[in-house]
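Notes follow once the structure below has been shown.
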Amino acid sequence: MRRKPGHLLPIELAILEVAIRLRMQGASQFYGFLIAKEIKERQEARLLTAHGTLYKALDRLQRLGLLESEWEDPLVAAQANRPRRRLYWVTAAGEAALVPTAETAPRPVAQPRRGLAPS
Amino acid sequence: MSAALALAIGMTRSWVTLYTSGLPRELRDARRAEIDSDLWEHQRTAEFLDQPPGGTALQLLARLLLGISSDLTWRLEAGHIARSERSISMNESGTMRSLVVVGVVVALFLIVTGIGAIADALVQGDLASGQAGSALSRCSPEPPWGPDY
């Protein structure tokens, strides 16, 4: 699908909005499954966002400079006996990208819906 | 781990291995590790919430199935970007298209057989599907957990 440069899809807006809300709640960074779970709960969806949809959106947001990421310290993951998480955070550009959208368009996360998160 | 869950995880890992093949190592390993992390978190969260393994398996399968088109478009974009960065002059687009077609066929086969096997496992507790799931899980690349990754 061809998109206008800078145009954000609903899933991308949802990621930014949920990430900013998480930060306001004290979680400055997030990882893929966490954001999928938060989006599911806020949208009251029955399923988590599909892997392909979620990670493609995260990748695109990074390439647009709206998110940054780094891999978790291996020792932290080893101590927790789990795979390393890729930790993301919203950049200043990411916050700025969300503000005009939130003022002019309906908030994707605020509207409960059934089914998968939008791709 | 139940047979159905092992099969769903194995199918997801196999699909990720397939569509990331041929990408630069850093990109390929990052995607595989990220999906492995997601699978682990999903499984542990389901266990914590005391959700039935069969339901978790179906959720994983749905996440795999509904994300295939995005996976393929991401693969094409990532491959294109990687080729541009490497400035490779050889024509890989035909090869890539062939790989994608083969990938889609294999993925559809895996999904159709997987859905059948999971349904069997859920309904009958079929030992054969359990063995298939375990085997598929074993054949899939080991997740790069631990301090070395």
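Remarks
- In the stretch A:63-76 there is no residue that is over 24 Å from B:Ser14 (Cα atoms), of a type in the set (A, V, I, L, M, F, W, C), surrounded by fewer than 19 Cβ atoms within 10 Å (Cβ to Cβ) and touching a residue at least 60 places away in the same chain (Cβ under 8 Å).
- Subset of the stretch B:23-51 [among the acidic types (Asp, Glu) and under 18 Å from A:Gly52 (Cβ atoms)]: B:Asp29, B:Glu34, B:Asp36, B:Asp38, B:Glu41
- Against the numbered list (1) of a type outside the set (Ser, Thr, Tyr); (2) in a helix (DSSP H, G or I); (3) touching a residue at least 40 places away in the same chain (Cβ under 8 Å), A:Leu47 comes up short only at (2).
- B:Glu34 falls short on exactly one of the conditions (1) outside any loop (DSSP other than H, G, I, E, B); (2) over 14 Å from B:Gly67 (Cβ atoms), and that condition is (2).
- Test: A:Leu66 is more than 14 Å from every other protein chain (Cβ to nearest Cβ) and at pLDDT 95 or above: yes
- Pair list, Cβ < 6 Å and 6+ apart or interchain, from the stretch B:22-45 residues that are within 7 Å of chain A (Cβ to nearest Cβ) to residues that are assigned to a loop (DSSP other than H, G, I, E, B) and of a type outside the set (A, V, I, L, M, F, W, C): B:Ala33/B:Pro144; B:Asp36/A:Pro83; B:Asp36/B:Pro143; B:Ser37/A:Pro83; B:Ser37/A:Arg85; B:Trp40/A:Arg82; B:Trp40/A:Pro83
- Total residues in the stretch A:54-63, condition out of contact with any helix residue (DSSP H, G or I) (no Cβ under 8 Å at 6 or more places or on another chain) and at pLDDT 95 or above: 1
- When each of B:Ala4, B:Ala8, B:Ala30 is tested for being closer than 14 Å to B:Leu110 by Cα and more than 13 Å from the chain's Cα centre (by Cα), the lone residue that passes is B:Ala4.
- Restricting attention to the stretch B:1-16, the residues that are farther than 14 Å from B:His42 by Cβ and of a type in the set (D, E, K, R) total 0.
- Filter pass, A:Val90 being more than 8 Å from chain B (Cβ to nearest Cβ) and touching a helix residue (DSSP H, G or I) at 6+ places or on another chain (Cβ under 7 Å): yes
- Within the stretch B:53-71, considering residues that are more than 8 Å from every other protein chain (Cβ to nearest Cβ) and touching a residue at least 40 places away in the same chain (Cβ under 8 Å), the one surrounded by the most Cβ atoms within 10 Å (Cβ to Cβ): B:Ala57
The values are calculated or read from the model by the stated rules, or taken from the named source; none is laboratory data. Every value quoted in this text rests on a predicted model; they were computed, and no experiment measured them. A quick note on method: Cβ atoms are made from the backbone with ideal geometry, for glycine too, and the neighbour counts reach across all protein chains shown.
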